[in-house]
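Below is one structure, written out as structure tokens; the observations come after it.
The values are calculated or read from the model by the stated rules, or taken from the named source; none is laboratory data. Note that the structure is a prediction, hence the values are computed from the model and not measured. For neighbour counting, all protein chains shown are included, and Cβ atoms are generated from backbone atoms with ideal geometry for every residue, glycine included. When the accessible area is computed, the model is the full protein with side chains, heavy atoms only, and any ligands, DNA or RNA have been set aside. Shrake-Rupley method; radii C 1.70, N 1.55, O 1.52, S 1.80 Å.
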Amino acid sequence: MARVSQAHLDARRRQILDGAALCFARNGFHATSMQDVLKEVDLSAGAVYRYFTGKEELIGAIVTEVLAVLRETYEQAAVETPPPLPDVLVPRALERLRQTRPGVMVDGTWVFPRLMIQVWAEILRNDELKAVVRTGYEGVVSAWRRVVESYRSAGLISADADADAMARVMIALAQGFAAQLAVIGEVSEEMLGDGVRALMGMVDPRTRS
């Protein structure tokens, strides 16, 4: 019997995760059954259960991957010279998600942000998923702290700037923008970048002589 290549296994796992993500984003986590996932990916139950035991494991794997993409994006930014400013970096992170999850589309609209909201709601009742999100989130915060430290080293922020506070604010900005994409739509990464750039250019009148 011929051995199945690792590339084939990885592609099949990707197919299942993308199909599940589409189902969850489109119909909600609780309204989606494993039968819905099987139909979406056009695979047998045995083929899917070879990789995942059920919906909970699927959503955990999706969340872990997404947070890893964000962490890696910020880690890479931290070693760039000069480091990209928030008006570039936050939109870049969202664009990276688009690039890595291009198949999560409904009627031509990228609906992955809907899945983010599904996850936020689910962690209120699912302690295992909450633990997965917390672990991944702390990894993203740590990566953002390194970005902030690179700003400090480049002389872009004051020496006493709170790296943890800045990291969490930048993450909140991306989360809020994702929520707008999911609920309101008709917003873009370019709009996000323009808005952040405008805020960065504000001058506090209290500091003027």
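Annotations for the structure displayed:
- A helix-only calculation puts the chain at -23000 deg cm²/dmol for mean residue ellipticity at 222 nm, using -39500 (n - 2.57) for each DSSP H run of at least four residues, averaged over all residues.
- Split the chain at each of the GluC sites (Glu not before Pro) in a DSSP loop with at most 14 other beta carbon atoms within 10 Å, and the longest piece is 81-185.
- The stretch between residue 85 and residue 6, if pulled fully straight at 0.36 nm per residue, gains 24.6 nm over its current Cα-Cα span.
- Evaluating kT/(6 pi eta Rh) at 10 °C and 1.306 mPa s, with the Kirkwood radius of region 23-154 over Cα pairs in the Stokes-Einstein relation, gives 97 µm² s⁻¹.
- For the chain: relative contact order, % (alpha-carbon pairs under 8 angstrom, 6 or more apart): 26
- Applying 1/(1 + (r/R0)^6) with r as the Cβ-Cβ distance of residue 169 and residue 109 and R0 = 30 angstrom yields a FRET efficiency of 0.60.
- 10 Å Cβ shell holding at most 12 others, DSSP loop, trypsin sites (Lys or Arg not before Pro): longest site-free stretch of the chain: 4-124
- Accessible surface of region 1-65, 1.4 Å probe, proportion on carbon and sulfur as whole %: 52
- For 81, 53, the ranking by accessible surface with the largest value first comes to 81, 53, using a 1.4 Å probe.
- Using all pairs of distinct alpha-carbon atoms, the Kirkwood hydrodynamic radius of region 95-209 works out to 16.6 angstrom.
- Here the accessible area of region 69-209 is 56 percent carbon and sulfur, with a 1.4 angstrom probe and all protein chains present.
- Residue 138-residue 202 FRET efficiency (beta carbon distance; Förster radius 35 Å; 0.05 resolution): 0.70
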